[in-house]
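J.: This is the structure I have questions about; it appears just below.
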Amino acid sequence: MAIKKRNKVNAEFSMSSLTDIIFLLLIFFMLTSSMVQINLDLPESDSKALNEGTIVLMLTQEGQYRLNGKPIKYSKLSRAIRNEIAIQLKKGKKKKDIGVAIAAEKMSPWRKINPLLNMISKMGVKAILATKPKN
């Protein structure tokens, strides 16, 4: 009588430990990414002139906004920019030629600049990040 050997290889792989590790990594990166601050320096350029009709929006390090040199609160900013665009349109400018230059001071927080870019692009005009002059 011959005895049969059973050498079946179990081809199953337990994924539960792998999913636990991936889940923990996901939580780690989500928590650490919210703590990271992104501060960017403005690029430098030789260009010194803005096009006629360009609306200038400044953002200071303290988080204050200035529209064409006048201080303004963030809550009133959208309406004021729309009014400036309407003024440019009444002067005969085309909407595609109107731009809003965002001049942020050095070390201004990016979390305040990004919403400005989104707001301006939704208005259908060009959003321009202003540069600082080369020394």
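The values are calculated or read from the model by the stated rules, or taken from the named source; none is laboratory data. As the structure is a computational prediction, the values presented were derived from the model and not from experiment. With ideal geometry, Cβ positions are generated from the backbone for all residues, glycine too; neighbour counts draw on all protein chains shown.
J.: If I go through the range 93-110 residue by residue, how many of them are surrounded by fewer than 18 Cβ atoms within 10 Å (Cβ to Cβ) and in contact with a helix residue (DSSP H, G or I) (Cβ under 8 Å, 6 or more places away or on another chain)?
T.: 1
J.: Would you mention how many residues in the range 73-96 are modelled with pLDDT of 90 or more and not in a helix (DSSP H, G or I)?
T.: Qualifying residue count for the region: 1.
J.: Are any of the residues in the range 31-53 at pLDDT 80 or above and within 25 Å of the chain's Cα centre (by Cα)?
T.: Yes, the range 31-53 has at least one match.
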